[in-house]
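Okay, so here's the structure we're looking at.
The values are calculated or read from the model by the stated rules, or taken from the named source; none is laboratory data. In this text, all values refer to a predicted model and were calculated from it rather than measured experimentally. With ideal geometry, Cβ positions are generated from the backbone for all residues, glycine too; neighbour counts draw on all protein chains shown. Heads up: the accessible areas ignore ligands, DNA and RNA and are worked out on the full protein's heavy atoms, side chains in. Shrake-Rupley method; radii C 1.70, N 1.55, O 1.52, S 1.80 Å.
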Amino acid sequence: MYIARTIPELRDHLGRYRRPAFVPTMGNLHDGHLALVRQAKPLGDVAVASIFVNRLQFLPHEDFDTYPRTWDSDCEKLRAAGCDVLFAPDERALYPEPQTCKVHPDGALADILEGHFRPGFFVGVCTVVMKLFACVQPGVAVFGKKDYQQLMVIRHMVRQFALPIEVVGGETRRADDGLALSSRNGYLGDSARVEAVALSRALQSMAAAVRAGERDFGAIEARAMQALSARGWQPDYMVLRRRSDLQAPTAGEPLVALVALAAARLGSTRLIDNLEIDGVERLTAPGTAA
């Protein structure tokens, strides 16, 4: 696995390839990241991953300084997953001067949900992803569906800027008990780790209610929030949204593809998760069956 630390090194090495397949990460890798690398590998002629903890997407009170850096383990895992090239710049290499030019995504998509609770988060995400795209110049990029809104925002950015990049979503990888794999799971103590599965189970309950014909989505969401709160969680949101634009579904829409999305804090650890819901029949007025 070739490791490039600077943009010129990366570009010189990738100049021989026509279609890099790219997986951007912040390191502290787990099986979910590695599944994305394995998914990306056959989609291009070289598999590229990046490790860069992006300061721009952390709010002042968040964990940038303490975010786990696990370099040796990450490199070993990437090699085993078949990664060909690792781009691992430091801040001076990627941001040699203050990054005053930034990408501001569409607020209708980026200022809701995560963007509401973490203002400016998607500006930081889009800015670093755009810069990484400029460095790697991939033909395809793979992002995990666990960060569902992020995937949607990146797809919208690529479409708006007419970038010649295919954005592919990778399915969420889960532990045996259903907890979505996340770098922040490492912050959970033993008892919190056992409790953490309640988040995915709450999403399953929301999906089950929809599949059973309940159409008062506000009531479904409120029950989910109350159930988590009763267990000692601090939920930010538990919502049902259209998969196409993450807006709330309205009465009369035919065959809507939905996604249940959640973010909640368990102790000091904030977890996010989602669950796609297929096969939802025509929506009627809230509180009535389809």
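Mean sequence separation of contacting Cα pairs (under 8 Å, at least six apart), scaled by the length of the chain, corresponds to a relative contact order of 16 percent. If you wrap region 84-125 in the convex hull of its Cα atoms and look at it from every side, the mean projected area works out to 4.4 nm². Per residue, the Cα convex hull of region 146-290 amounts to 120 Å³. Summing charges over all other residues whose Cβ lies under 14 Å from the Cβ of THR6, with Lys and Arg as +1 and Asp and Glu as -1, gives 0. Convex hull of alpha carbon positions in the chain: directionally averaged projected area 15.4 nm².
Ignoring any ligand, DNA or RNA, what whole percent of the accessible area of the chain comes from carbon and sulfur when the probe is 1.4 angstrom? Roughly 51 percent of what the probe reaches on the chain is carbon or sulfur.
Computed over region 186-244, the range of Cα coordinates on each principal axis works out to 37, 23, 19 Å, biggest value leading. A 1.4 Å probe run over the protein chains yields, for the chain, 47 Å² of accessible area per residue, whole-number rounding.
Within the shell defined by Cβ-Cβ distances under 13 Å, the residues around ASP84 carry a net charge of +4, with Lys and Arg each +1 and Asp and Glu each -1. Derived from the Cα gyration tensor, the three semi-axes of the equivalent ellipsoid of region 1-75 are 25, 15, 11 Å, largest first.
Using bins of 10 Å that start at zero, the share of Cα-Cα pairs per bin across region 42-184 amounts to 10, 36, 42, 11, 0, in whole %.
Note on LYS41: lysines with a C-alpha under 16 Å away, same-chain residues under 8 apart excluded, are LYS77.
Dividing the convex hull volume of the alpha-carbon atoms in region 108-164 by its residue count gives 74 Å³ per residue. For the chain, the dipole from Cβ point charges (+1 on Lys and Arg, -1 on Asp and Glu) about the Cα centre works out to 360 debye, to the nearest 20.
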